[in-house]
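First the structure, in the form of structure tokens, and then the observations on it.
The values are calculated or read from the model by the stated rules, or taken from the named source; none is laboratory data. In this text the structure is predicted, and so the values were computed from the model without any measurement. Reconstructed Cβ throughout: ideal geometry from the backbone, glycine too, with neighbour counts over all protein chains shown.
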Amino acid sequence: MPFLFISAGEVVVLLFAALMLFGPDRLPGLVRTLAKGIRTVKNAQADLTQELMSEDKTGVKDIKDAVEDVKSEIEGVVKRKK
């Protein structure tokens, strides 16, 4: 199964091209920097997802409270009409 629509042969060609372009001395540092950047993006995504989920929970609680307030007001009006 291809990873990101790239076959194994294409990966080998890309790795060989990177080795020729950057050389064996700079390639490990480049890979470390790339991995660190990917990790930073993943952490930021996880933080944002968690923040949005917590905001969603408080938003739902606020809506439930508002609905309960309106419900009790309607019940009060109905009781007064009887």
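Take the residues in region 1-32 that are surrounded by fewer than 10 Cβ atoms within 10 Å (Cβ to Cβ), part of a helix (DSSP H, G or I) and not hydrophobic (A, V, I, L, M, F, W, C), then tell me which one is nearest to the chain's Cα centre (by Cα). If we take residues in region 1-32 being surrounded by fewer than 10 Cβ atoms within 10 Å (Cβ to Cβ), part of a helix (DSSP H, G or I) and not hydrophobic (A, V, I, L, M, F, W, C), then Gly9 is nearest to the chain's Cα centre (by Cα). Restricting attention to region 44-82, the residues that are more than 34 Å from the chain's Cα centre (by Cα) and modelled with pLDDT of 80 or more total 7.
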